[in-house]
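I have placed the structure first, in the form of structure tokens, so that the comments after it can refer back to it.
The values are calculated or read from the model by the stated rules, or taken from the named source; none is laboratory data. Keep in mind it's a predicted model, so treat the numbers as computed, not measured. Neighbour counts run over all protein chains shown; Cβ positions are idealised from the backbone, glycine included. We work out accessible area using only protein heavy atoms, side chains counted, and drop any ligands, DNA or RNA first. Shrake-Rupley method; radii C 1.70, N 1.55, O 1.52, S 1.80 Å.
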Amino acid sequence: MKSKVHSPLIGTSITVNNESEINNNNTDSRFKLTSRRNIIFISIGLMFIIAGIVSSKISARNVALDEKLRMRTFLPPYLWWKHPQPIVRLRMFIFEVINHEEFLRGDEVLRMRQVGPIVYREHVTHENITFHPENDTMTFTAVRSVEFLEEENEPGILNRTIIVPNLAVLAMASRLSDSAFFMKIGYNMILRRSGDTVFQNTTVYKYLWDMDGNLMRLGEKLVPFMVPVDNYGVLHNLYKSFADRQNVKIGTAHGHEHFFEMNLYNDRPTVPGFRPERGECFASIENSTEGLFYPQRLTDESVLKYWRKSICRPSFLTYAGDETVSGVPGKRYVLPDDTYDRTRPLEEDCYRGDNGDEYPDGLSDASKCYHGFPIVISKPHFLNRTGEWVRRLEGMQPNEEEHGSFVVAEPLTGVPLKECARSQSNIYVSKLSGFSNEDLQKFSGMVIPMLWMEYCMMELTPLINVALSFLVVYLEPLQYVGSMVSLALGSIALLLVAADYYRDKKYKIISSDSKYI
């Protein structure tokens with residue numbers, strides 16, 4: 001319904017809507033709806049702004065690294081460690097003798113050539129895991145086994161016939177080199193009765209898994225303390241009981257630089273076989289790692305302490321340069337040339353040798369891990385080491401690329417991007433005297449290469465590589481972008497509220513003025 005109203009301001013009549021009160025009520029409802037919407041927008045805007053500020057101050061990558069230290073059972077680092085993918089290859093090269101007849105006839109040099117590679121895949125599982133929150137450590141049993149890879153080996157390689165030094169004959173003679181004369185007489189009698197010779201014709205498979213001989217069988221009956229094993233196949237002895245209990249550091253209490261370093265190995269802080277309580281050398285395994293994880297936040301000054309049961313000692317790797325693997329930047333650490341050299345004072349060198357022998361530079365005593373057999377470890381082909389003991393051998397062709405050991409680790413997480421641990425096992429024959437076998441005497445004072453092996457992991461699984469790339473390469477830039485986007489969205493939401501408020505305030509003024517027109 002409309003009516004005429006006289007306006008004194010403009011001197012005429014205007015038409016006024018008698019339903020203005022209803023329109024004002026509608027306006028009030030509109031303001032209430034807008035107010036509710038603005039409250040929602042303010043809440044969302046503040047949430048975005050707070051999230052943006054928090055994400056700009058707290059590094060998601062640092063949070064992830066701290067969580068990795070804790071090894072929470074529901075997170076990927078723990079799950080991938082507990083059941084690691086079998087990506088480690090064990091490649092072995094056996095040294096066979098190619099002039100055994102000439103050597104026994106008087107050749108001064110033993111000529112050798114390597115047979116291989118013989119390729120296995122190593123499987124690792126971690127069992128019986130126990131957390132110790134009272135001191136931020138974890139105890140577990142690492143179980144290792146190997147699987148022959150038919151498709152990666154030369155057809156029939158395990159059945160290949162090789163001629164090698166008779167390890168049992170040489171090892172037992174070397175152990176008796178400082179023994180009483182009657183012990184040597186007994187050994188001479190057993191050796192003659194056995195019919196074994198200083199060289200042995202066997203197969204690759206038997207050399208690795210099923211080596212014995214008449215001397216071993218007779219010795220086991222007559223002098224059992226001299227025959228600790230009835231099968232001295234190399235891999236048989238290494239993997240027959242490759243289940244070892246370890247206690248390692250985890251959690252934030254130890255810091256990033258000590259993550260997953262060992263405290264105990266089979267309940268002891270020393271290399272297996274060493275008993276400091278008996279006056280033996282304190283060969284510590286503390287702060288070493290088996291290479292699945294290294295400490296976090298590595299630098300150019302970091303030194304990696306690597307433990308491997310096959311070499312019967314920890315060894316140290318030092319920084320050698322930066323290297324990128326599959327798009328992930330890493331740091332390369334290498335095994336120094338003097339790793340197996342003598343250290344001073346000599347009495348603190350736990351790997352200098354037993355029986356009064358002081359091994360030359362380049363050799364490390366491993367007898368404690370091999371039932372007292374005079375096994376010495378060196379770099380493959382005696383890389384970067386020379387001496388009279390090397391000159392009595394031919395066939396050694398060392399080069400750094402094939403025979404050096406290295407780790408390329410992602411420095412923030414300590415995850416190895418690729419690594420190769422290479423070592424050579426040798427028989428150390430002491431100076432022999434008092435033995436009637438002339439062929440045996442020809443080996444006096446020699447170092448006889450047995451085989452060398454490498455444990456290599458040359459690439460990560462695709463899933464781990466993607467996760468690692470995301471964490472160390474993309475997460476921080478994405479977090480920065482997300483933080484900026486969050487701040488921008490929050491600001492836009494608050495600006496919309498402000499604009500709405502200004503528009504509604506202006507509309508209220510106009511509506512209020514219209515009542516009096």
Q: Quickly run through segment 353-377 and pick out the residues that are polar (S, T, N, Q) and within 20 Å of N166 (Cα to Cα).
A: S367
Q) Which residue pairs have Cβ atoms closer than 8 Å, lie 6 or more positions apart in sequence or on different chains, and pair a first residue in segment 66-82 that is surrounded by 15 or more Cβ atoms within 10 Å (Cβ to Cβ) with a second residue that is among the polar types (S, T, N, Q) and in a helix (DSSP H, G or I)? A) L69/T252; R70/T252
Q: Kindly indicate which of G414, G372 is at positive phi, touching a residue at least 40 places away in the same chain (Cβ under 8 Å) and surrounded by fewer than 21 Cβ atoms within 10 Å (Cβ to Cβ).
A: G372
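For segment 99-198, please list each of the strands (runs of 3 or more DSSP E) lying entirely inside it that holds at least 1 residues being open to solvent by 50 Å² or more (accessible area, probe 1.4 Å) and touching a residue at least 60 places away in the same chain (Cβ under 8 Å).
It comes to 110-132, 137-148.
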Q: Quickly run through segment 56-89 and pick out the residues that are acidic (D, E) and touching a Cys at 6+ places or on another chain (Cβ under 7 Å).
A: none
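Here is a yes/no grid of residues against (1) part of a loop (DSSP other than H, G, I, E, B); (2) open to solvent by 20 Å² or more (accessible area, probe 1.4 Å); (3) modelled with pLDDT of 80 or more:
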residue: P398; (1), (2), (3): yes, yes, yes
residue: E419; (1), (2), (3): no, yes, yes
residue: K431; (1), (2), (3): yes, yes, yes
residue: Y474; (1), (2), (3): no, yes, no
residue: V485; (1), (2), (3): no, yes, no
residue: Y507; (1), (2), (3): no, yes, no
Q: Collect the residues in segment 346-394 that are closer than 12 Å to Q424 by Cα and aliphatic (A, V, I, L, M), keeping them in residue-number order.
A: L363, A366, I375, V376, I377, L383
Q | Number of the exception - F435 against (1) closer than 16 Å to L176 by Cα; (2) open to solvent by 50 Å² or more (accessible area, probe 1.4 Å) | A | (2)
Q.
Looking only at segment 304-354, filter to residues that are open to solvent by 60 Å² or more (accessible area, probe 1.4 Å) and among the aromatic types (F, W, Y); which one of those is modelled with the highest pLDDT?
A. Y319
Q. Between residues in segment 238-251 that are in contact (Cβ under 8 Å) with a residue 12 or more places away in the chain and closer than 25 Å to H371 by Cβ and residues that are in a strand (DSSP E or B) and open to solvent by less than 10 Å² (accessible area, probe 1.4 Å), which pairs lie under 7 Å by C-beta distance while being six or more apart or on different chains?
A. D244/A142; D244/Y265; Q246/F140; Q246/A142; Q246/M262; Q246/Y265
Q: Could you grab me the full set of residues in segment 83-95 that are part of a strand (DSSP E or B), over 20 Å from R391 (Cβ atoms) and open to solvent by less than 50 Å² (accessible area, probe 1.4 Å)?
A: V88, L90, M92, F93, I94
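In the list I22, I10, which residue meets the criterion of being part of a loop (DSSP other than H, G, I, E, B) and either at pLDDT below 75 or over 30 Å from V119 (Cβ atoms) (or both)? Steps first, please.
Values: I22 fails: part of a loop (DSSP other than H, G, I, E, B).
Exactly one residue qualifies, and that residue is I10.
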Q: With the checklist (1) at pLDDT 90 or above; (2) within 18 Å of S425 (Cα to Cα) in hand, flag the one item V234 doesn't pass.
A: (1)
Q.
So G273 ticks every box in (1) in a helix (DSSP H, G or I); (2) within 27 Å of the chain's Cα centre (by Cα); (3) modelled with pLDDT under 90 but one. Which box is left unticked?
A. (1)
Q | Any chance Y294 is open to solvent by less than 10 Å² (accessible area, probe 1.4 Å), in contact with a Ser or Thr (Cβ under 7 Å, 6 or more places away or on another chain), under 30 Å from E67 (Cβ atoms) and not small (G, A, S) | A | no
Q: Name every residue in segment 464-481 that is in contact (Cβ under 8 Å) with a residue 60 or more places away in the chain and out of contact with any Phe, Trp or Tyr (no Cβ under 8 Å at 6 or more places or on another chain), in order of residue number.
A: N465, A467, L468, S469, L471, V472, V473, L475, E476, Q479, Y480
